[in-house]
Amino acid sequence: MKPALLAYLGLSRLMAPVWRWGLGHRLKKGKETEASVQQKLGLAYAQRPAGPLIWGHAVGVGEANALAGLFARLTEEHPGLHCLITTTARTSGDALARTGLPPRCQHQFAPVDTPDAVRRFLDHWQPDLAVWCEMDLWPALIAETDRRHIPRVLVNARLSAESLAKRRWGRWLYRALLPGFRELFAQNVESAEGLVSLGAPRQQITVTGTIKSLVPPLGHDAAALQAWQAALGQRPVWLLASSHPGEEALALAAHERLRQQCPDALLIIAPRAPARGAEVAALAGPGTPLRSAGAALPGAGPVYVADTIGEMGLWYRLAPVALVGGSFARVGGHNPHEPLALGCGVLHGPNVWNFAESYDRLDAQGFTHPVNEVGGIVTGVLSAWQRPHRLEAPPPEPQAQVVLQRLRSLLPTWPA
């Protein structure tokens, strides 16, 4: 074991009391639950099912949903296979609970990165294959997985120039961790080269694009959908999804022009950060209904602010078209595959480098449409309103199938 990793493991053992104190503090503030604290300390878990088990770890909601899509396909093919998805953030766990998990798949919180918590986690779950999604790499967890000879893979790895620069401080740790991955799947060539610079063997890297095209349709509350459909009647609806500061003003300007042609049109705004809900409602004007404040239905006003977590499946089912945020702000865009899986067309701005390959392909196929200003948004929304039916979902990206094939080959014994 390399000196940098040995030093980290020694320090992480000493940090165990700090982790316990921090989790207790978060529990008092309502940022954790008793169950999440117990799981993170490795003290209490759900029962492990019998038979082969794939464990996947993700950092955020989008990555966890991508793993759910990946695992859904594997469990469909192999009825005896079980899956576990871990996250670190409570919001990701809550979102998975709302959107739903595939059959024979469950969510737990990942252990804090101390040797004892990690050992308890792996003693209990005993995974046959470990899958890390993107770059939420915890050294103690990876080192213990390696010590037990559990094959591990990294999928959906993405490294921009900025994120690579931030990780260079830990390059000695990455050089100890990355070579032990059986396979590393990068989203693009830039990310692949970033992995090499951090110590990953070039021959173990494959560029496959994003696996987020495998996301299953997001779940929803059927009663809420029925109530909304009854309340809306024939009103035309469109959605601003996962918006960032500045993008709401752009959508509101477009909506003002749309209402000149369709006076009863409704714009639903779902800010990326739900905590911005009140700010967005104030921008939309006095009396704008706010979901977090108890406005369960839209009312007669022109705008509704959907500032909750885990309900995007509802909004994508209601709207025939969405302007996906993060694409006008300097964020790099958000996942177009989630709305498309539910037949919701996608408009996007110019800043989509997070999903550049996906948007290039989807733009060419007519599933998504680039817009640069208010007029383009208006034209795109009106065009979607004139379609007689919702879109058919595009097939998963071909490269994502490569990841599925490799995972099949790595699980030691597939159930019959």
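The values are calculated or read from the model by the stated rules, or taken from the named source; none is laboratory data. Predicted, not measured: the structure shown is a model, and the values here were computed from it. All Cβ positions, glycine included, derive from the backbone under ideal geometry; neighbour counts span all protein chains shown. Side chains included, ligands, DNA and RNA excluded: accessible areas come from the protein's heavy atoms. Shrake-Rupley method; radii C 1.70, N 1.55, O 1.52, S 1.80 Å.
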Hits in the stretch 303-334: amide N under 19 Å from the 7 Å Cα→Cβ extension of ALA227, namely 303-319
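In terms of the Cα gyration tensor, with a ≥ b ≥ c the square roots of its eigenvalues, is the stretch 209-283 rounded because a/c is under 1.5, prolate because a/b exceeds b/c, or oblate?
Working: a/c = 1.69, a/b = 1.15, b/c = 1.47.
The shape class here is oblate.
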Dipole check, the chain, charges on Cβ (K,R +1; D,E -1), about Cα centroid: among ALA281, GLY343, HIS107 the Cα furthest to the positive pole belongs to HIS107
Ignoring ligands and nucleic acids, ARG291 exposes an accessible area, probe 1.4 Å, in Å² to the nearest 10, of 40 Å²
Between the residues THR33, GLY93, PRO396, the Cα farthest towards the positive end of the dipole of the chain, that dipole coming from +1 and -1 charges on the beta-carbon of Lys, Arg, Asp and Glu, is from THR33
For SER409 and THR308, extending 7 Å from Cα along the Cα-Cβ vector and measuring point to point gives, in nm, a value of 4.5 nm
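Under a Cβ-Cβ cut-off of 15 Å, what is the net charge of the residues other than SER409 that fall near it, where Lys and Arg count +1 and Asp and Glu count -1? Before the final figure, lay out the partial values.
Working: positive: ARG73, ARG152, ARG182, ARG406, ARG408; negative: GLU77, ASP128, GLU183.
Within the 15 Å Cβ shell, the charges total +2.
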The percentage of the accessible area of the chain (probe 1.4 Å, all protein chains present) made up of carbon and sulfur atoms, to the nearest whole number, is 56 percent
Over the chain, cysteine residues that find no other Cys C-beta under 4.7 Å are CYS133, CYS262, CYS344
Among ALA275, ALA400, ALA254, the residue with the largest mean-square fluctuation in a Gaussian network model of the chain built from Cα contacts under 10 Å is ALA275
When the chain is treated as a Gaussian network with springs between alpha carbons less than 10 Å apart, the largest mean-square fluctuation among ARG152, ARG175, ARG361 is found at ARG361
To the nearest 20 debye, the stretch 1-47 has a Cα-centred charge dipole, built from +1 on Lys and Arg Cβ and -1 on Asp and Glu Cβ, of 140 debye
The local net charge around ALA282, scoring Lys/Arg +1 and Asp/Glu -1 for residues other than ALA282 whose Cβ lies under 11 Å from its Cβ, equals -1
Rounded to the nearest 500, the 222 nm mean residue ellipticity computed for the chain from DSSP H runs (n ≥ 4, each -39500 (n - 2.57)) alone is -13000 deg cm²/dmol
Once ALA249 and SER383 are pulled to full extension, the length gained, defined as 0.36 nm per residue separation minus their Cα-Cα distance, is 46.1 nm
Two pseudo-spin positions, 7 Å from Cα along C-beta at THR91 and at GLU34, lie apart in nanometres by 2.7 nm
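Hey, what did the chain get for relative contact order, percent, Cα under 8 Å, at least 6 apart? Walk me through the intermediate numbers first.
On the way: 780 pairs, mean separation 61.1, N = 416.
Over the chain, the number comes to 15 percent.
Once the Cβ-Cβ distance between ARG182 and ALA293 is put in as r, and R0 is 41 Å, what FRET efficiency do you end up with, to the nearest 0.05? Display every interim value, and only then the final one.
Numbers: r = 49 Å, r/R0 = 1.20.
The formula returns an efficiency of 0.25 here.
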Any lysines whose Cα falls less than 17 Å from that of LYS31, other than same-chain ones fewer than 8 residues away, would be LYS40
Applying the gyration tensor rule to the Cα atoms of the stretch 114-231 (axes a ≥ b ≥ c; rounded if a/c under 1.5, else prolate if a/b exceeds b/c, else oblate), the class is oblate
On the formula 1/(1 + (r/R0)^6), with r taken between the Cβ atoms of VAL189 and GLN261 and R0 of 60 Å, the FRET efficiency rounded to 0.05 is 0.85
Taking a crude spin-label model, label points 7 Å out from Cα along the C-beta direction, the ARG48 to ALA393 distance in nm is 3.2 nm
Computed over the chain, protein heavy atoms only, probe 1.4 angstrom, the accessible area per residue in square angstrom equals 42 Å²
Magnitude of the Cβ-charge dipole (Lys and Arg +1, Asp and Glu -1) of the chain about the Cα centre, nearest 20 debye, reported as 1080 debye
The stretch 101-162, Kirkwood Rh and Cα Rg, ratio Rg/Rh at 0.99
Farthest towards the positive end of the dipole of the chain, among ALA222, PHE181, VAL207 and with Cβ unit charges of +1 on Lys and Arg and -1 on Asp and Glu, lies the Cα of PHE181
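With the Cα gyration tensor of the chain in hand, convert its eigenvalues to equivalent ellipsoid semi-axes via √(5λ) and list them largest first in whole Å. Could you put the intermediate results ahead of the total?
On the way: eigenvalues 299, 108, 86 Å².
That gives 39, 23, 21 Å for the three semi-axes.
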Residue separation between ASN351 and TRP21 times 0.36 nm, minus their alpha-carbon distance, gives in nm 114.7 nm
For LYS2, counting only lysines whose alpha-carbon sits under 24 Å away and dropping same-chain residues fewer than eight positions off, the answer is LYS166
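What's the FRET efficiency of GLN234 with ASN372 using the Cβ-Cβ distance as r and R₀ = 22 Å, to the nearest 0.05? Mind showing how you got there, number by number?
Numbers: r = 31 Å, r/R0 = 1.39.
Approximately 0.10, to the nearest 0.05.
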